[in-house]
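Below: the structure, in structure tokens.
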Amino acid sequence: MDGVKSSRGVADIENPSSRHLSQETVEMLIRRSQEAKEKAYCPYSNFRVGAALLTLDNSVFTGCNVENACYNLGVCAERNALSKAVSEGYRSFKAIAVGSDLSDQFISPCGGCRQFMREFGSKWEVYLSKADGSYRMMTVDELLPVSFGPEDLTMKKLSDIPAEY
């Protein structure tokens, strides 16, 4: 875990209008995602991705993509960073920055990563970046509209489901 403590950043996590991070914090996250990309293990795609995840207490967890010869067993940078944070007891997040070597477009999380991020809320920020440090900010909700999350499991269901398998 990489700890970054700052009085800057999110003032009120429940109020989306005050959630925006300071420019300094955003730049730090993007820089950390680019640094994490350097550790990527991607001998098959040669497509390096890094992520830097910011917790509510301003700790930062980084992750990189890790490929596998059995392609579907690879792990994306975003899920890697989230899993590291969850394994240390974190469940709420302010933001994640995603970095790659792309120069003509912003890197965007895959569908699986979007759903994985959604597990931990839909209102936190995702910074899609380019190799030069420029970025676009979106929320998880904007990346995965009309999403399915933990709260959907508590919605009313049919009480009697026929067992006709």
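Values in this text are rule-based calculations from the coordinates and carry no lab data. Everything quoted here is computed from the prediction, not taken from an experiment. Note: ideal-geometry Cβ built from the backbone for every residue, glycine included; neighbour counts use all protein chains shown.
Structure data summary
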item: Fewest-first ranking of 155, 28, using other Cβ atoms within 10 Å as the exposure measure; result: 155, 28
item: Ranked 139, 55, criterion: other C-beta atoms within 10 Å, fewest first; result: 139, 55
item: Over the range 43-105: Rg over Rh, Cα atoms, Kirkwood Rh; result: 1.03
item: Point-to-point label distance, residue 156-residue 138, nm (Cα→Cβ direction, 7 Å offset); result: 3.4 nm
item: Within the range 119-157, chymotrypsin sites (Phe, Trp or Tyr not before Pro) in DSSP loop having at most 16 other beta-carbon neighbours inside 10 Å; result: 148
item: Inter-probe distance in nm under a simple model that places probes 7 Å from Cα toward Cβ, at residue 105 and residue 44; result: 2.2 nm
item: Share, in percent, of DSSP beta bridges within the range 67-165 that are antiparallel, nearest 5; result: 55 percent
item: For the range 98-165: relative contact order, % (alpha-carbon pairs under 8 angstrom, 6 or more apart); result: 31 percent
item: Sites matching trypsin sites (Lys or Arg not before Pro) across the range 39-114 that sit in DSSP coil, with at most 13 neighbouring C-beta atoms within 10 Å; result: 91
item: Electrostatic dipole magnitude of the range 2-154 [Cβ: Lys, Arg +1; Asp, Glu -1; Cα centre; debye, to 20]; result: 180 debye
item: Which of 56, 82 has the fewest Cβ neighbours within 10 Å, and the rest in rising order; result: 56, 82
